[in-house]
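Asker: Below: one structure in structure tokens.
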Amino acid sequence: MDIKLIKGHGSGNDFFIIDEISNHYTFTEEDRSRLAKLLCNRDSGLGADGILYVMGSDHAAGRMRVFNADGSEASMCGNGLRLVARYICELKGLEETVIETMKADLKVSKQNDLFDQVHTYQVEISPVSFELSALPLQLNNPSLMNEKIVQLSEELRFTALAVPNPHLIAIVEKDQLEGNLQKILSEKVNGPNELFPDGVNVSFVRTIMPNTIYVRTFERGVGFTNACGTAMSASSLVTCLQEINQFEKPIDVYNDGGRVQCVVHQFDGKYHIDLIGNATYLYEAVINANVDDSTFTVLSKEDMSEQDSYEKLQAEAQELLSEY
């Protein structure tokens, strides 16, 4: 089967976009999973964190489904949604629209460039739940807000929330980021364990300055990534709840892949987050894939010349982080 791909990234979190609106592919559910494992393998000659399947919707401009590199399906991906927002907006000539995801229909819109010549989109991150059953996290209390989990650490305090992907977030100091603690904890809760039967995204968050944080995430099904959009959004919400940052004010969120902005909204006891960041295309390609044999051939590949501009943003971000 010949398949058209666009490879792109949000904050260095890279994906293949496969358009099922314009192309009449006949993927089975197993095909989607197997394609993700086949194409996203970093040793395959392509490689990515996942595949974004762009599909038709009966009530929105389009529908996004996200498959991780291990073949599992994610309920949401903020960095991926920015790429899908760009793709659908450009496909249909829109400046703003609504995209259907697994758990919610989310507003997206084109924004002024976050950095010169860096395509920028804003996406809504919701719904937000603090109920441990939504992750799930198997503890004897209904929620976990800035509290210890003694099975994981005697020193860290965690907040657990679903946005709707499950996240475990700790505010840490620089020395806690520099050691192996996050790796050890993340591997524990994403292997066989009694706390998180379905695994969880684990983020360590450090305050850089007012309205500025750094977030590093171990993403379930992937491992450490340059950035995770829902994790940066959830982390921003946690800092507002702990009065480190403020609701309704932009928060600069730095990550290993660059920088985004988040604005956390609170209304009538409910929360949602605007995630604003790049949607950068790397190349277009056509492949011939045989999922039954787990093989593919690249038939054509054309660079899209957008990465140079993004690397300037990334360099600026790394320069700031090096000072703190």
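Asker: Can you find a residue in segment 119-131 that is within 20 Å of Ser236 (Cβ to Cβ), open to solvent by 50 Å² or more (accessible area, probe 1.4 Å) and under 16 Å from the mean Cα position of the chain (by Cα)?
Answerer: Checking segment 119-131: at least one residue is within 20 Å of Ser236 (Cβ to Cβ), open to solvent by 50 Å² or more (accessible area, probe 1.4 Å) and under 16 Å from the mean Cα position of the chain (by Cα).
Asker: Same structure, new question: Looking at (1) of a type in the set (A, V, I, L, M, F, W, C); (2) open to solvent by less than 80 Å² (accessible area, probe 1.4 Å); (3) over 17 Å from the mean Cα position of the chain (by Cα), which one does Ile273 not meet, given that it meets all the others?
Answerer: Here Ile273 clears every test but (3).
Asker: Wholly within segment 46-144, which strands (runs of 3 or more DSSP E) include no fewer than the required count, namely at least 1 residues that are within 23 Å of His265 (Cβ to Cβ)?
Answerer: Those strands (runs of 3 or more DSSP E) span 62-68, 96-100, 105-111, 120-125.
Asker: Additional query: Just a yes or no: is a residue in segment 55-62 open to solvent by 20 Å² or more (accessible area, probe 1.4 Å), more than 14 Å from the chain's Cα centre (by Cα) and farther than 27 Å from Pro166 by Cβ?
Answerer: yes
Asker: Quickly run through segment 188-211 and pick out the residues that are among the hydrophobic types (A, V, I, L, M, F, W, C), more than 11 Å from Pro166 (Cα to Cα) and either in a loop (DSSP other than H, G, I, E, B) or in contact with a Cys (Cβ under 7 Å, 6 or more places away or on another chain) (or both).
Answerer: Listed by number, the list holds a single entry, Leu195.
Asker: Does Glu155 qualify as being exposed (fewer than 15 other Cβ atoms within 10 Å of the Cβ), over 29 Å from Val54 (Cα atoms) and not aliphatic (A, V, I, L, M)?
Answerer: Answer is yes for this residue.
Asker: Return the only residue of Ile51, Ile88 being modelled with pLDDT of 95 or more, touching a helix residue (DSSP H, G or I) at 6+ places or on another chain (Cβ under 6 Å) and within 26 Å of Ser126 (Cβ to Cβ).
Answerer: Criteria check complete, one pass: Ile51.
Asker: Moving on to the next point. Quick check on this structure: which one of Gly221, Gly191 is open to solvent by 10 Å² or more (accessible area, probe 1.4 Å), touching a Ser or Thr at 6+ places or on another chain (Cβ under 8 Å) and closer than 20 Å to Ala74 by Cβ?
Answerer: After applying the criteria, what remains is Gly221.
Asker: A further question on this structure: Let me confirm something: among Glu302, Glu284, Glu319, which residue is charged (D, E, K, R) and either touching a residue at least 24 places away in the same chain (Cβ under 8 Å) or surrounded by 19 or more Cβ atoms within 10 Å (Cβ to Cβ) (or both)?
Answerer: Glu284
Asker: A follow-up question, please. Run down Phe27, Phe67 and say which single residue is without any contact (Cβ under 8 Å) to a residue 60 or more places away in the chain, closer than 27 Å to Ala162 by Cα, crowded, with 17+ Cβ neighbours inside 10 Å and in contact with a strand residue (DSSP E or B) (Cβ under 9 Å, 6 or more places away or on another chain).
Answerer: Checking each option against the conditions leaves just Phe67.
Asker: Is it the case that segment 217-233 has a residue that's among the acidic types (Asp, Glu) and under 27 Å from Lys148 (Cβ atoms)?
Answerer: Yes, some residue in segment 217-233 is among the acidic types (Asp, Glu) and under 27 Å from Lys148 (Cβ atoms).
The values are calculated or read from the model by the stated rules, or taken from the named source; none is laboratory data. Just so it is clear, the structure is predicted and the values come from calculations on it, not from any experiment. Neighbour counts are summed over all protein chains in view; Cβ atoms, including those assigned to glycine, are modelled from backbone coordinates with ideal geometry. We work out accessible area using only protein heavy atoms, side chains counted, and drop any ligands, DNA or RNA first. Shrake-Rupley method; radii C 1.70, N 1.55, O 1.52, S 1.80 Å.
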